[in-house]
Amino acid sequence: GGSRMRVVVINGSPKGEKSDVMKLTRAFLEGMDEADYEVIDTMKERVNPCIGCYSCWWKTPGECVQKDGMEQVLKKITGADLVIWSFPLYCYGMPSNLKVYIDRLLPLSTPVQEVDEEGNTYHPSREEHEVKMLMISGCGFPNKEGNYDGAIFAFQKMFYNAPIITCVESPMLSVPE
């Protein structure tokens with residue numbers, strides 16, 4: 001066969017491997033038998049929040065001034081065929097430990113902005129990467145409507161309508177019965 005698909009899973013659950021959502025993500029990965037994957041646990045890596053200096057755009061394009069775990073994470077992301085952002089819904093969005101990783105993706109884009117047909121401004125450089133993004137998220141709510149709106153909106157804006165898998169009542173995945 002051909003080369004195996006390279007998948008990076010960014011586990012945004014503060015519960016790490018014990019996460020209900022990681023049960024979903026692992027089931028998804030099992031269905032991708034032609035893939036090699038690596039899981040990055042956001043609670044174990046040392047990644048600092050973005051400081052908003054924009055040096056990665058102006059002074060050292062594509063490179064962050066902070067020398068921490070994110071340098072390796074960015075290499076892994078850009079070297080992947082698929083990045084799965086796996087997280088539980090927290091306050092209608094993603095947990096703060098995962099949001100740090102999203103904010104630190106800034107070196108992968110450029111300051112160039114364009115306006116789409118609806119008059120919305122966006123960074124076209126975010127579309128230039130071949131890496132596919134996927135969101136897998138679980139929550140305790142019994143319904144998706146009104147609960148996932150914010151998380152879905154943000155993910156689709158950041159990753160240009162990337163596919164999304166949501167699972168309501170995901171804590172049930174940890175109940176043996």
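Here are the numbers for this structure:
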{"read-out": "Qualifying aspartates and glutamates (Cα of each under 19 Å from Cα of Lys132; at least 8 residues distant if same chain)", "value": "Glu30, Asp33, Glu34, Asp36, Glu38, Asp81, Asp103"}
{"read-out": "Percent of Cα pairs exceeding the 15 Å cut-off, where the set is the stretch 79-160", "value": "63 percent"}
{"read-out": "Under 14 Å from the Cα of Lys67 - aspartates and glutamates, other chains or at least 8 residues apart", "value": "Glu45"}
{"read-out": "Largest to smallest accessible area among Tyr54, Tyr92, Tyr160 [probe 1.4 Å]", "value": "Tyr92, Tyr54, Tyr160"}
{"read-out": "The chain: radius of gyration and largest Cα-Cα distance (Dmax), Å", "value": "16.7, 56"}
{"read-out": "Share, in percent, of DSSP beta bridges within the chain that are antiparallel, nearest 5", "value": "10 percent"}
{"read-out": "Amide hydrogen neighbours beyond the local backbone of Ile136, cut-off 5 Å, H modeled", "value": "Trp85, Ser86, Phe87, Ile165"}
{"read-out": "Pairs of lysine residues in the stretch 2-64 - Cα separation under 29 Å, sequence separation of 8 or more or cross-chain", "value": "4"}
{"read-out": "Local net charge near Arg26, Cβ-Cβ under 14 Å (Lys/Arg +1, Asp/Glu -1)", "value": "-3"}
{"read-out": "Simple spin-label estimate for Asp36 and Ser55 in nanometres, 7 Å along Cα-Cβ", "value": "3.3 nm"}
{"read-out": "Cut-off under 5 Å, modelled amide H: who pairs with Val39 long-range", "value": "Val9"}
{"read-out": "Long-range Cα-Cα pairs in the stretch 1-44 (distance over 11 Å), rounded percent", "value": "66 percent"}
{"read-out": "Karplus-derived 3J(HN,Hα), 6.51/-1.76/1.60, for each residue of the stretch 108-114, Hz, glycine and proline x", "value": "7, 10, 10, x, 4, 10, 10"}
{"read-out": "Coil-residue trypsin sites (Lys or Arg not before Pro) of the stretch 5-110, DSSP, other Cβ within 10 Å capped at 15", "value": "Lys15, Lys44, Arg46, Lys59, Lys67"}
{"read-out": "Protein accessible area in the chain, 1.4 Å probe - carbon and sulfur %", "value": "54 percent"}
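The values are calculated or read from the model by the stated rules, or taken from the named source; none is laboratory data. These numbers were taken from a predicted model, which means no experiment stands behind them. Neighbour counts run over all protein chains shown; Cβ positions are idealised from the backbone, glycine included. Side chains included, ligands, DNA and RNA excluded: accessible areas come from the protein's heavy atoms. Shrake-Rupley method; radii C 1.70, N 1.55, O 1.52, S 1.80 Å.
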